[in-house]
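Here the structure is laid out as structure tokens; the discussion comes afterwards.
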Amino acid sequence: MKIVVCGAGRVGISISEHLSTENNDITVVDSNSEALKKITELYDVQGVLGLASHPAVLKNAGIQDAEMLIAVTESDEINIMACHLSNLLYNIPTKIARIRSREYLNEEFFDLFQEGKIPIDHIISPEEEVASAIVKQWRTPGAFDVAEFCNSHVTMLGILCNSNCPILDTPLRELVDLFPGLNATIMAIIRDNNLIIPRSGDDVLNVNDRIYLSCQTNQIERTLAAFGHSEITSHNVIISGAGNLGVMIGNMINKISPDTNLTFIELDKDVARNAAEQLEFASIISGDTLDPEIIKEARVSKESSFISATNHDEVNILSSLLAKRSGTKHCIVLLNQPAFFPLVNTLDLEAVISPPVITVSSILKYIRKGQIEAVHSIIEEFGEVISVEALETSSIIGMPLKEIKLPKNVSIGSIVKKDNEIIAARGSSIIDPGDKLVMFVPVKSIKKVQELLSVRLDYF
């Protein structure tokens, strides 16, 4: 399939990586020659230099033969214009755009993107999705990653195994007897930057392992406790950064928990003043989040959660370290640069939120057709957790999982039956037509999963 990606930034790079491995014809458009050179060297994609909002540039990219346009440049206006021109000149079937400005997403004007007006089939709003992810992390302090699947019946948890984990050095097959009735399955283990897919039941967990598991949503607390995490959601939250994202986070938390005390730290006085006008229920401190005295004034303590959500990765990391020094047990760090991920994993910071990774997951959810319902890219970029429906034509129907020849780097976590009964995947589990599976799948194995489940990963 011919796909034109506008934007060679972090999101454009990730999207190109995913789609190029699935035998698509990808052309990337960007006005930055260095960014374009980098992406064409990394992946099997073509590059076209120029502004994606210019008709001639789009034509040079082969838009006239494309079936899909994905506009993820840094400019909302360029993304909107690229979609508009693609539709007007060539009637491209599917157009996806990332739009950040709240001015465009205001409910009063949102009908601009309805049929017959600005032709965008799917709008990706990173700030809203990032804010939602941060709030989920705040509500689940024992996990470093959280995602919901199958109408929220199943939750994926990323959990760090620290020295308090009671099942270290215990063969995973014994967990069923140790925790009867616990509906949870470990799908992947990240150890020393290596991926381990537990299969035989002989695998054991080590200190500092980062595991990804699926569990029944109403068993989240019990699942976390099984792995040594009994943290309680804090009702004293300090947020570094009171811009649009910070305000959105504050509103979401206040809606869920009006009794939670919210304190914002904002360096820009105008931004702080604007936040104070919008967030009457919160305290706003105008000052530098890297100033220990400001951290003290915000009353950061062991009873509080600290969310660093400024536009600067370095500030987010350093302010979180200051908050840790002041005693907080739960830090959520917003990071855009993947280069910082390994560093943060060594700094004892509880959770990392990556806007590019979240945006890529949102885009993949819209462009993957067939029975795939949801996609969550894990932050280490080892793969994806997906929910997918098994078709009657699948070769795995009616067979115990232990007899199915799954690719070695693919695992099934949960099986959701038609009546919403949730089964933790075990060797004796049998998959019926219409069952929904929550699976861990590396990018390079997507095609194998397609063949196994008879799921067509065609595009709109």
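Taking the criterion of being surrounded by 12 or more Cβ atoms within 10 Å (Cβ to Cβ) and of a type in the set (D, E, K, R), the residues of the stretch 150-208 that qualify are ARG173, GLU174, ARG191, ARG199, ASP203.
As a summary of the residue check, TYR104 satisfies the conditions (1) open to solvent by 20 Å² or more (accessible area, probe 1.4 Å); (2) at pLDDT 90 or above; (3) hydroxyl-bearing (Ser, Thr, Tyr) except for the one numbered (2). Against the conditions (1) open to solvent by less than 40 Å² (accessible area, probe 1.4 Å); (2) in a strand (DSSP E or B), ILE379 satisfies every one except (2).
Checked against the criterion of being touching a Leu at 6+ places or on another chain (Cβ under 7 Å) and on the phi < 0 side of the Ramachandran plot, the candidates LEU105, LEU88, LEU42, LEU49 yield just one match: LEU49.
State which residue is surrounded by the fewest Cβ atoms within 10 Å (Cβ to Cβ) when the search covers only the stretch 392-403 and only residues that are touching a residue at least 40 places away in the same chain (Cβ under 8 Å) and of a type outside the set (Ser, Thr, Tyr).
Residues of the stretch 392-403 touching a residue at least 40 places away in the same chain (Cβ under 8 Å): 392-396.
After this cut, where a residue has to be of a type outside the set (Ser, Thr, Tyr) as well, the list is 392, 396.
Values: GLU392: 9, ILE396: 21.
This residue is GLU392.
Given the condition within 16 Å of LYS95 (Cβ to Cβ), hydroxyl-bearing (Ser, Thr, Tyr) and open to solvent by less than 10 Å² (accessible area, probe 1.4 Å), answer yes or no: does some residue in the stretch 18-30 qualify? Checked against the condition, which is being within 16 Å of LYS95 (Cβ to Cβ), hydroxyl-bearing (Ser, Thr, Tyr) and open to solvent by less than 10 Å² (accessible area, probe 1.4 Å), the stretch 18-30 yields at least one hit.
Looking at the stretch 33-105, the strands (runs of 3 or more DSSP E) lying wholly inside it that each contain 1 or more residues that are more than 30 Å from MET248 (Cβ to Cβ) sit at 46-49. Return the total of residues in the stretch 209-230 being more than 20 Å from the chain's Cα centre (by Cα) and more than 16 Å from ASN162 (Cβ to Cβ). Number of matching residues: 4.
The residues of the stretch 196-222 that are aliphatic (A, V, I, L, M) and within 21 Å of ALA374 (Cβ to Cβ), listed by number, are ILE197, ILE211, LEU213, ILE220.
Select from the stretch 418-452 the residues that are assigned to a helix (DSSP H, G or I) and out of contact with any strand residue (DSSP E or B) (no Cβ under 6 Å at 6 or more places or on another chain) and list them in ascending order. If you could, list the steps in order and put the result at the bottom.
Of all residues in the stretch 418-452, those assigned to a helix (DSSP H, G or I) come to 443-452.
Those that are assigned to a helix (DSSP H, G or I) and out of contact with any strand residue (DSSP E or B) (no Cβ under 6 Å at 6 or more places or on another chain): VAL443, LYS444, SER445, ILE446, LYS447, LYS448, GLN450, GLU451, LEU452.
Listed by first and then second residue, the pairs with beta-carbon distance under 9 Å, at least 6 apart or on different chains, first residue in the stretch 190-202 and on the phi > 0 side of the Ramachandran plot, second in a loop (DSSP other than H, G, I, E, B) and among the polar types (S, T, N, Q), are ASP192/ASN208.
The values are calculated or read from the model by the stated rules, or taken from the named source; none is laboratory data. Only a predicted model underlies this, so the values are computations on that prediction, with no experimental measurement involved. In this analysis, Cβ positions are derived from the backbone assuming ideal geometry, glycine residues included, and neighbour counts consider all displayed protein chains. Heads up: the accessible areas ignore ligands, DNA and RNA and are worked out on the full protein's heavy atoms, side chains in. Shrake-Rupley method; radii C 1.70, N 1.55, O 1.52, S 1.80 Å.
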